[in-house]
Amino acid sequence: MSLPEPVTTMASPFRMDYTYVAGVGRSVFLRGLAERRLLARRCPGCAQVYLPPPEFCSRCLSELEAPFELDGLGAVSTFCVVNFPFPGQTIEPPYVVAYIQVHGAGTRLMHLVREVEPERVRIGMAVEPVWAPDDQLTTSLKSIQHFRPVRGADA
Amino acid sequence: MRDTAVVSYAQSPCLAANRRDDMADILLPVIRAAVDAVGIERDEIDFYASGSHDFFEGRTFAYIESLDAVGAWPPISESHVEMDAAWAFAEAWSWLQLGQGDIALVYGIGRGSLPQDLDQVMPAQLDPYFLAPLRPHRDAVAGLQACAAIDAGLTSEQHMAEIVSRCLASATENPYAQTSGQVSVHDLLAAPYVSSPLRKHDVSPPGDAAAVVVLAAGDAARRLTARPAWVRAVDHRMDTHYPGMRDLTSSGSTRIAAGRAADLAGFAAADVEVAELHTEYSHQEPLLAMALGLNGAEINPSGGPLAGRPATATGLVRIGEAARQILDGRAGRTLAHATNGPALQHNLVCLLEGAA
Ligand SMILES: [Zn+2]
């Protein structure tokens, strides 16, 4: 007599809800986004400019200086084209995900580059933020819908 | 064995919920305090080891955020355990035993307050096929253990309330305790059950905090502090994963770890004056005291976990507190115990001594 077929799958779904604590530094940045402001902070020790800024410099461990605003103009520092579909995707592929070197910042911001054909995106391309409409502004990077090429700039 | 000692210890206050500071912000002042106390610079530290757990943080590789407080620029020797930081301490101690460096910094950071409901999270640590699907709530397995411990005559609800009363009174002297006070056994026994026979006070209160221990070997330890807390032994043992396979009333893994530690140290748990035990629940104190073979040691003079249980830092706090007894010249020999997993599944024993 043979044994029955073994059990090979077992569903045991978990759901876990969490509180995110942004900290003092990143809260400054997130609150700025809700006001269409990109707030950066500079390290008094090494002059590194953080965007988004934490509370202290991870190199010097010094508290960062007071926040100041950047206009958001920048350049694509690297990018990739997302070509595949996946669960939870909100944008139809293909689309461009990029590192944006915002002028005045020492760190790079990750965001979408749209309003341009993916094959036309280049490293070094001048880009600007497209802010969400007033009623969609929030303490999240979703306050910037995406970056797009600066009109008239050399692509 | 290479002589290695705890030379410094610091922690942040245990808070039920810290909604102001991110991981690095909680940790930075604690590292500063521990390092400044022995007058060293960051570049004198040869090794960093830390403990935290993504399931408490709700993010993958969450501990990377804490590295911002370390000043983690290459070259750096750095390691992390996804569990209580007492095991990061064990790793750092082993690393120093290998002679790769002289000074190690160990930190634990944990935020029990980030999961909006620990009942969603804690079943994930259980056997995934035969136990987790039942979704026992966070204190259910401990309730089974407490019930069995009472039935075996190891404790009673009255005795458990006495333990809690004593710990909360001791914690009034501890500025970092999450909860403390003079509470009568009578009042405690009037409280409702949360997981019979456990009442709310029998369950250590989860919260947020960071702890930092600085370890140093040989002459470096002697140079950094007048009275190093020499780590004479560290051992840890684990019981089987499925609680149903265990006798919950005796902690075999603690007993074995204590025996091995005694062999290594040349003295036993019975010889220590102070024991800091990782009692997540009040009924575990007599259970651990028996498994360790304590003989009249003062237990949890800091108030212990029943006065505050910062996730994944609580075990390291026990080591820090046990070491502090020696650093401050209040005890000659102490013991620290740490645990991980449900109902004392995995247990670590550390024996410390003042004399060089
Ligand atoms: Zn800096």
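The values are calculated or read from the model by the stated rules, or taken from the named source; none is laboratory data. Quick caveat, the model's predicted, so the values are computed rather than measured. Here the Cβ positions follow ideal geometry from the backbone for every residue, glycine too, while neighbour counts run over all protein chains shown. When the accessible area is computed, the model is the full protein with side chains, heavy atoms only, and any ligands, DNA or RNA have been set aside. Shrake-Rupley method; radii C 1.70, N 1.55, O 1.52, S 1.80 Å.
Of the strands (runs of 3 or more DSSP E) lying entirely inside region A:57-141, those containing at least 1 residues that are over 30 Å from A:C46 (Cα atoms) and more than 16 Å from the ligand (Cβ to nearest atom) are A:74-82, A:95-102, A:109-113, A:126-131. Each residue in region A:51-81 was checked for being within 14 Å of chain B (Cβ to nearest Cβ), within 14 Å of the chain's Cα centre (by Cα) and open to solvent by less than 20 Å² (accessible area, probe 1.4 Å), and 1 of them qualify. Count of region A:2-27 residues, restricted to those that are more than 17 Å from B:R111 (Cβ to Cβ) and touching a helix residue (DSSP H, G or I) at 6+ places or on another chain (Cβ under 7 Å), is 3. Scanning region A:33-56 for residues that are in contact with a Pro (Cβ under 8 Å, 6 or more places away or on another chain) and either polar (S, T, N, Q) or without any contact (Cβ under 8 Å) to a residue 60 or more places away in the chain (or both) yields a count of 3.
Residues that are open to solvent by less than 20 Å² (accessible area, probe 1.4 Å), over 25 Å from B:A5 (Cα atoms) and part of a strand (DSSP E or B) do not occur anywhere in region B:215-226. With respect to the conditions (1) open to solvent by 50 Å² or more (accessible area, probe 1.4 Å); (2) assigned by TED's automatic domain parsing to the domain that holds B:A140; (3) part of a loop (DSSP other than H, G, I, E, B), B:H186 falls short on a single one, namely (3). Among the candidates B:A34, B:A69, the residue that is over 16 Å from B:T312 (Cα atoms), crowded, with 22+ Cβ neighbours inside 10 Å, of a type in the set (A, V, I, L, M) and free of Cβ contacts under 8 Å to residues at least 60 places away in the same chain is uniquely B:A69.
The set of residues from region B:263-275 being closer than 11 Å to B:V349 by Cβ and either surrounded by 23 or more Cβ atoms within 10 Å (Cβ to Cβ) or touching a helix residue (DSSP H, G or I) at 6+ places or on another chain (Cβ under 7 Å) (or both) comprises B:A265, B:A268, B:A269, B:V272, B:A275. Filtering region B:1-24 to residues that are open to solvent by 10 Å² or more (accessible area, probe 1.4 Å) and in contact with a Phe, Trp or Tyr (Cβ under 8 Å, 6 or more places away or on another chain) leaves B:D3, B:Q11, B:S12, B:P13, B:C14.
Residues checked against (1) at positive phi; (2) within 11 Å of the ligand (Cβ to nearest atom); (3) open to solvent by 20 Å² or more (accessible area, probe 1.4 Å):
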| position | (1), (2), (3) |
| --- | --- |
| A:S2 | no, no, yes |
| A:M10 | no, no, yes |
| A:V24 | no, no, yes |
| A:V28 | no, no, yes |
| A:G32 | no, no, no |
| A:E35 | no, no, yes |
| A:L38 | no, no, no |
| A:P44 | no, yes, yes |
| A:A47 | yes, yes, yes |
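Screening B:R111, B:R135 for residues that are assigned by TED's automatic domain parsing to the domain that holds B:Y63 and touching a residue at least 12 places away in the same chain (Cβ under 8 Å) leaves exactly one candidate, B:R111.
Can you give me the number of residues within region B:237-262 that are in contact with a Lys or Arg (Cβ under 8 Å, 6 or more places away or on another chain) and open to solvent by 60 Å² or more (accessible area, probe 1.4 Å)? So the count comes out to 4.
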